[in-house]
Amino acid sequence: MLLKPRSVSSAARSSRRSQRPAVVLSAIALLSLAWWSGSGCDKKHSFVPNQAPTLTLTNGPIDTVTTPQSWVINMAWIANDPDGSIDHFEYAIDPPTSHAARFALQETTWVSTTEHAVVVRFRASQRDTVGPGNTASEFHTFVLRAIDNRGAPSAVLSRSFYARTVAPDVVILRPLPSALLQAQVPSPFRLEWAGNDPDGDPDTRPAGYRFLLLDMVNPDNLRFLFDPDSLFKLGAGTGWEGWRLLSADTTSLALTDVVPNKTYLAVVLAVDAAGATTPYVNLNRNALQFSVVFPDVAGPRIHVFSPLIDFTYDTGGYSLDPLRHIPVEAPALQPLEFHWDGRALPGRVAVSSRWLIDGDPTDDAPGTGFDGHWSPLGPAAGTASLPGLSAGEHLLYIEMRDDLGGVSLAIVQITAVSIPLERELLVIDDTRLEADRFSAGGLQVYTRPWPSASELDTLLYARGGVPWNGARNPAGALSSPGLLAGYAFDTLGTRRGLEDPAQAVTLAGIGRYRHVLWLVDPAAAAFDGLPNGTALRAMSAPGRASTLAAYVEAGGRVWLAGGGGAFASLAAYNRRSNDTPAGILLTFDAGELGPGRPIYDDAHIRTALGVTPLSAAPFRSSAARGGWSGQGPDGSLSAPDYTRLPAVLRYRSAATDPIPATRLASQGSLFYIGNTQFEYVAAPNEVTEPVDPAFPDGERRSTLDTLYEVDRTPEPGTSAAVMTYYHGRDNVPFVFTGFAPWMWARADAQGLVDFVLGDIWGLPKSGPQAASVRTGSGAAGVRRSAPRVTAVRRLDPPGMRP
């Protein structure tokens, strides 16, 4: 056969040279392998995994007259890479069809080209005694793939040709076929496919389909797994004996006679109006090997999610067993919204659902869902918007059905808790810093970087002027007032050795406070489970109810800080294959960042979040301009004066901070640290909301401010947001800080704390540290002092604190 590149138009060349050339794949394509590498904001240095290109054949006309006993195909195609450019194309003729073909076409000889077209001449091995020159009884296959600028291949596009017609093609869509794995299906299940006849008239719909179901318990049929095309040859040679002929309108088939604990092979071939049949059997495409393994569990798996919970049942099924309840704490008398969708077993589709609150699920009388009777059937993906529930326990029932009669039940056990929000500030210490160690000589010298757990306590909470326990440099030194000195606050430590660390923070406990400062350091975020697991990570795992989310729903304001808070809340969803050499990456596209998770719902970081150590220092963002008003859930919130934030947060040095008395003079390297871990917004993340909620299509304004950024290395000149402030109407204001407030020069750390507590939250500060503070909902106002310093209260047992 002769392969000859064909010239392309100037428009095609221009498209190929563009930064984002096109690539689209037809339904014929096989699965592709997604590659990724690098870091940054463009394709070359991307924090987002590389997307494989796509490919479409635009034409393949046949010339069967010019040259006797051969036929000429003019192949042309277009391509697109959504996040880069196409480097070249690779094509092959008649790839192997035996067992080796199942392993990513390993034995195929590929021809590389940068053109968008090629002329292919196929030669017939025998003359056609019926037609005018060429045989129609044999076929040839052309396969093509695109390679992008980072080496990722597109899916493989395949097209077969007889002498006088293009062969029709068919692909099984559900369940997804695989040469390596058997699909596990229930009985019964539905097989679905899509056909394509490129030269069909008047449309590309095949004239019909051939279907065959083989019992693979029969050893005589096993050979078709090693040489699938032999099944096509056998059918063509016997006049398709044993195959069912289906109409063009039939694109699915319910298989009701398959037996549990047996394996089968289902094959679908397309037939065109000229009588040509799909000339291959491909275990990745139009042949499904499956086993029936779900004889008893037939219903869909239900996924329930809300700002409070993200839970997916392991199996479908209909049971009232309390062990299947999904426990959730929620604020009483606050409107709640629960969403759900479902995943049916392979070969089935979830088609409808209904819900019921506080009723009898066995009573099938129709109703509204609120009146003790089931709501009307709706789509499989649904929502229940509940009014404020009275304090106590409530049960939300969700029923889902599939297209073949399977039914499942989800039960959400809602414990509604009264939230008084009567006190001002609670500090949740969810860190896992170095604990005090004692020996016969007293407190041992710290060996890890400053601060230890006790040193952080002193930095934050100390009244000042009190002998420093464990002071060495010099002994008997007096403590300085803590960063929170002068504010009225209580503290809650989570390092209690509980079997479930999440139990350290309950909604009833923190619901007494209007504001919560939740601290999680980077090392703590990495711990999973006992003995060092954090409360935030434990409550943020899949299927767990988030106390943090419930608190925000109740109207509590949160400052999440420490450099580990975001990762702790998302770690259970991290896909390591999605990370980059620059660090951890959590994206919406990969399913790591999404609804039901506080960083997405409440902090409003909704595209991508990265985690990496940097030596950069945060600087006040030029985007922190303020000037807005009329925002917040009730429209009463005004912008703080962002100029009161420190312009730059400086790392500690001998010029800014002396070595603390708890450290030896020789331990300067553990105190003067020039790098730290940052959690940062890794992709554009604009959040806008209507100025007037009554007109959702009207003017929109930004409701997410960037307060601090850092320069991202190794990309000089690029920066990322590391501290944000959400002030829209979706929820109460939420401050996110992707670094530890204690890493900086004390004066800068104090300025940061005073800005959030004073300028954003309007908390009063008294005592010698109260130089000034803003009042109101973040608006500039008269500076004031509280009449006295409120004593610090610890809600956790003192003996359990390190």
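Name the single residue, out of those in the stretch 107-141 being among the small types (Gly, Ala, Ser) and modelled with pLDDT of 80 or more, that is farthest from PRO168 (Cα to Cα). Step through it out loud before you land on a result.
So the first thing to find is which residues in the stretch 107-141 are among the small types (Gly, Ala, Ser), and the list is 112, 117, 124-125, 131, 133, 136-137.
Still in the list and also modelled with pLDDT of 80 or more: 112, 117.
Numbers: SER112: 26, ALA117: 21 Å.
Taking the candidates together, the pick is SER112.
Having 1 or more residues that are under 30 Å from ASP730 (Cβ atoms) is the bar; report the strands (runs of 3 or more DSSP E) wholly within the stretch 264-328 that clear it.
301-306, 309-312
Please state which one of ALA720, ALA661 is more than 21 Å from TRP450 (Cβ to Cβ), among the aliphatic types (A, V, I, L, M) and either out of contact with any Phe, Trp or Tyr (no Cβ under 6 Å at 6 or more places or on another chain) or at pLDDT 90 or above (or both). Quick ask: steps written out before the conclusion?
On the way: ALA661 fails: more than 21 Å from TRP450 (Cβ to Cβ).
Residue meeting the stated conditions: ALA720.
Restricted to the stretch 582-599, and to residues that are of a type outside the set (Gly, Ala, Ser) and in a loop (DSSP other than H, G, I, E, B), which residue is modelled with the lowest pLDDT?
From the stretch 582-599, those of a type outside the set (Gly, Ala, Ser) are 584-589, 592-593, 595, 597-599; that's our starting set.
After this cut, where a residue has to be in a loop (DSSP other than H, G, I, E, B) as well, the list is 588-589, 592-593, 595, 597.
On the way: PHE588: 95, ASP589: 92, GLU592: 94, LEU593: 94, PRO595: 89, ARG597: 92.
By that ranking, first place goes to PRO595.
Please work out which residue is least open to solvent (accessible area, probe 1.4 Å), limiting yourself to the stretch 579-607 and to residues that are out of contact with any helix residue (DSSP H, G or I) (no Cβ under 9 Å at 6 or more places or on another chain) and on the phi > 0 side of the Ramachandran plot.
HIS604
Taking ARG514 and the conditions (1) open to solvent by 60 Å² or more (accessible area, probe 1.4 Å); (2) in contact with a strand residue (DSSP E or B) (Cβ under 7 Å, 6 or more places away or on another chain); (3) assigned to a loop (DSSP other than H, G, I, E, B), which numbered condition does it fall short on, given that it satisfies the others?
(3)
Residues of the stretch 450-492 being open to solvent by 60 Å² or more (accessible area, probe 1.4 Å), hydrophobic (A, V, I, L, M, F, W, C) and part of a strand (DSSP E or B), which ones?
LEU478
Please go through the stretch 608-639 and pick out each residue that is open to solvent by 30 Å² or more (accessible area, probe 1.4 Å) and aliphatic (A, V, I, L, M).
Result: ALA617, ALA623.
Could you run through the stretch 218-236 and say how many residues are among the acidic types (Asp, Glu) and within 16 Å of THR263 (Cα to Cα)?
Looking only at the stretch 218-236, we keep the residues that are among the acidic types (Asp, Glu), and these are 220, 227, 229.
Among the residues that remain, those that are also within 16 Å of THR263 (Cα to Cα) are: 220.
Residues flagged as among the acidic types (Asp, Glu) and within 16 Å of THR263 (Cα to Cα) within the stretch 218-236 amount to 1.
Would you mind stating whether ALA749 is surrounded by fewer than 24 Cβ atoms within 10 Å (Cβ to Cβ), of a type in the set (Gly, Ala, Ser) and modelled with pLDDT of 95 or more?
Values: surrounded by fewer than 24 Cβ atoms within 10 Å (Cβ to Cβ): yes; of a type in the set (Gly, Ala, Ser): yes; modelled with pLDDT of 95 or more: yes.
For ALA749, the condition - surrounded by fewer than 24 Cβ atoms within 10 Å (Cβ to Cβ), of a type in the set (Gly, Ala, Ser) and modelled with pLDDT of 95 or more - is met.
Give me the residue from the stretch 187-225 that is open to solvent by less than 30 Å² (accessible area, probe 1.4 Å) and modelled with pLDDT under 90 and, out of that set, farthest from TRP240 (Cα to Cα).
Among those residues, the one meeting the criterion is GLY200.
Residue by residue, here is whether (1) at pLDDT 90 or above; (2) closer than 30 Å to LEU396 by Cβ; (3) loosely packed, with under 15 Cβ neighbours inside 10 Å holds:
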| residue | (1), (2), (3) |
| --- | --- |
| ALA248 | yes, no, no |
| ASN261 | no, no, yes |
| VAL271 | yes, no, no |
| ALA274 | no, no, no |
| LEU288 | yes, no, no |
| ILE302 | yes, yes, no |
| TYR313 | yes, yes, no |
| TYR318 | yes, yes, no |
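Of all residues in the stretch 201-250, which are in a strand (DSSP E or B) and either basic (Lys, Arg) or within 24 Å of GLN182 (Cα to Cα) (or both)? Spell out the reasoning first.
If we filter the stretch 201-250 for residues that are in a strand (DSSP E or B), which is where we start, we get 208-215, 244-247.
TYR209, ARG210, PHE211, LEU212, LEU213, LEU214, ASP215, ARG244 - these are the residues of the stretch 201-250 that are in a strand (DSSP E or B) and either basic (Lys, Arg) or within 24 Å of GLN182 (Cα to Cα) (or both).
Of all residues in the stretch 378-402, which are small (Gly, Ala, Ser) and on the phi < 0 side of the Ramachandran plot? Explain how you work it out, then say what you get.
To start, the set of residues in the stretch 378-402 that are small (Gly, Ala, Ser) comprises 378, 380-382, 384-385, 388, 390-392.
The answer is GLY378, ALA380, ALA381, GLY382, ALA384, SER385, GLY388, SER390, ALA391.
When PRO68 is evaluated against the numbered criteria (1) open to solvent by 30 Å² or more (accessible area, probe 1.4 Å); (2) modelled with pLDDT of 65 or more, which criterion, by number, is the only one it fails?
PRO68 satisfies all of (1) open to solvent by 30 Å² or more (accessible area, probe 1.4 Å); (2) modelled with pLDDT of 65 or more except (2).
Looking only at the stretch 384-431, count how many residues are hydrophobic (A, V, I, L, M, F, W, C), within 21 Å of ALA502 (Cβ to Cβ) and part of a strand (DSSP E or B).
The total comes to 8.
Residues of the stretch 539-578 being open to solvent by 20 Å² or more (accessible area, probe 1.4 Å), more than 22 Å from LEU707 (Cβ to Cβ) and either charged (D, E, K, R) or assigned to a helix (DSSP H, G or I) (or both), which ones?
ARG544, GLU553, ALA572, TYR573, ARG575, ARG576, SER577, listed by residue number.
For the stretch 640-683: of the residues being in a loop (DSSP other than H, G, I, E, B) and of a type in the set (Phe, Trp, Tyr), which is surrounded by the fewest Cβ atoms within 10 Å (Cβ to Cβ)? Full working, then the answer.
If we filter the stretch 640-683 for residues that are in a loop (DSSP other than H, G, I, E, B), which is where we start, we get 640-641, 645-647, 649-650, 652-664, 671-675, 682-683.
Checking which are of a type in the set (Phe, Trp, Tyr) leaves us with 671-672.
Numbers: PHE671: 19, TYR672: 16.
Taking the candidates together, the pick is TYR672.
Name the single residue that is nearest to PRO331 (Cα to Cα) among those in the stretch 416-446 being open to solvent by 40 Å² or more (accessible area, probe 1.4 Å) and without any contact (Cβ under 8 Å) to a residue 40 or more places away in the chain.
ARG437
For the structure I just gave you, tell me whether TYR708 is hydroxyl-bearing (Ser, Thr, Tyr), in contact (Cβ under 8 Å) with a residue 60 or more places away in the chain, open to solvent by less than 10 Å² (accessible area, probe 1.4 Å) and within 15 Å of SER638 (Cα to Cα).
Values: hydroxyl-bearing (Ser, Thr, Tyr): yes; in contact (Cβ under 8 Å) with a residue 60 or more places away in the chain: yes; open to solvent by less than 10 Å² (accessible area, probe 1.4 Å): yes; within 15 Å of SER638 (Cα to Cα): no.
Spelling it out, it is not the case that TYR708 is hydroxyl-bearing (Ser, Thr, Tyr), in contact (Cβ under 8 Å) with a residue 60 or more places away in the chain, open to solvent by less than 10 Å² (accessible area, probe 1.4 Å) and within 15 Å of SER638 (Cα to Cα).
Residues of the stretch 297-334 being in contact with a Phe, Trp or Tyr (Cβ under 8 Å, 6 or more places away or on another chain) and among the aromatic types (Phe, Trp, Tyr), which ones?
Those that are in contact with a Phe, Trp or Tyr (Cβ under 8 Å, 6 or more places away or on another chain) and among the aromatic types (Phe, Trp, Tyr): PHE305, PHE311.
Can you name every residue in the stretch 378-413 that is open to solvent by less than 10 Å² (accessible area, probe 1.4 Å) and polar (S, T, N, Q)?
Across the stretch 378-413, the qualifying residue is only SER408.
Could you grab me the full set of residues in the stretch 684-696 that are charged (D, E, K, R), in a loop (DSSP other than H, G, I, E, B) and under 28 Å from the mean Cα position of the chain (by Cα)? Outline the logic, then answer.
Taking the stretch 684-696 and keeping what is charged (D, E, K, R), we get 686, 689, 692.
Subsequent filtering for residues that are in a loop (DSSP other than H, G, I, E, B) retains 686, 692.
The answer is GLU686, and nothing else.
Among the residues of the stretch 352-377 satisfying the criterion of being at pLDDT below 95 and either more than 22 Å from ILE414 (Cβ to Cβ) or assigned to a strand (DSSP E or B) (or both), which is least open to solvent (accessible area, probe 1.4 Å)?
Here the answer is ALA365.
Please go through the stretch 144-162 and pick out each residue that is part of a strand (DSSP E or B) and either among the hydroxyl-bearing types (Ser, Thr, Tyr) or under 12 Å from THR114 (Cα atoms) (or both).
Restricting attention to the stretch 144-162, the residues satisfying the condition of being part of a strand (DSSP E or B) are 144-148, 153, 157-162.
Result: ARG145, ALA146, ILE147, ASP148, SER158, SER160, TYR162.
Under 8 Å between Cβ atoms, at least 6 apart or on separate chains: pull out the pairs that start in the stretch 364-390 with a residue that is over 16 Å from PHE338 (Cα atoms) and end on any residue that is small (Gly, Ala, Ser) and outside any loop (DSSP other than H, G, I, E, B).
What qualifies is LEU377/SER352; LEU377/SER353; SER390/ALA416.
Which one is modelled with the lowest pLDDT, of the residues in the stretch 142-184 that are of a type in the set (Val, Ile, Thr) and under 15 Å from HIS88 (Cα atoms)?
Out of the qualifying residues, it is VAL156.
Can we say ALA682 is more than 30 Å from SER479 (Cβ to Cβ), in contact with a Gly (Cβ under 8 Å, 6 or more places away or on another chain) and among the hydrophobic types (A, V, I, L, M, F, W, C)?
Numbers: more than 30 Å from SER479 (Cβ to Cβ): yes; in contact with a Gly (Cβ under 8 Å, 6 or more places away or on another chain): yes; among the hydrophobic types (A, V, I, L, M, F, W, C): yes.
For ALA682, the condition - more than 30 Å from SER479 (Cβ to Cβ), in contact with a Gly (Cβ under 8 Å, 6 or more places away or on another chain) and among the hydrophobic types (A, V, I, L, M, F, W, C) - is met.
The values are calculated or read from the model by the stated rules, or taken from the named source; none is laboratory data. In this text, all values refer to a predicted model and were calculated from it rather than measured experimentally. In this analysis, Cβ positions are derived from the backbone assuming ideal geometry, glycine residues included, and neighbour counts consider all displayed protein chains. Ligands, DNA and RNA are stripped out before the accessible areas are found, and what is left, the full protein with its side chains, is counted by its heavy atoms. Shrake-Rupley method; radii C 1.70, N 1.55, O 1.52, S 1.80 Å.
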